[in-house]
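Written out below as C-alpha cells is the structure these notes cover.
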C-alpha cells in the first residue's frame, strides 16, 4: 500500500475560508483537515504524484502570508497503523 506524503501548516484564521476553497478547487491535489482549531493548524495528505503542485500552491500561500510553518512529517496514519499492528 502506498501512503500519501504528510504535511502540516498554520493557516491565518481570517483566511481559512479562502484557503480551503482555493485548495479544494484543485481537485485531488491534497486532502486537508484542521488538526488543531485553536492553533489554526491544518494537516495535508498529498499523493506523491501531486506533491509538486501542492508545494507550488503552498509557496504561493506563504508568499501571501496566508500559510506559515509548512512542515513535512511522517504520515501519522501510517504510524498509527504500525502501532495498531504491533498491538495485535
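Just so you know, all these numbers are worked out from the coordinates, no wet-lab data involved. These numbers were taken from a predicted model, which means no experiment stands behind them. All Cβ positions, even for glycine, are placed from backbone atoms using ideal geometry, and neighbour counts span all protein chains on display.
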For the chain, the fraction of alpha-carbon pairs in successive 10 Å shells from zero, as %: 17, 49, 25, 8, 1
Segments 57-63, 5-11 sorted - mean Cβ within 10 Å per residue, highest first: 5-11, 57-63
Nearest-ten-degree value, helix 51-63 long axis tilted from longest Cα axis of the chain: 40
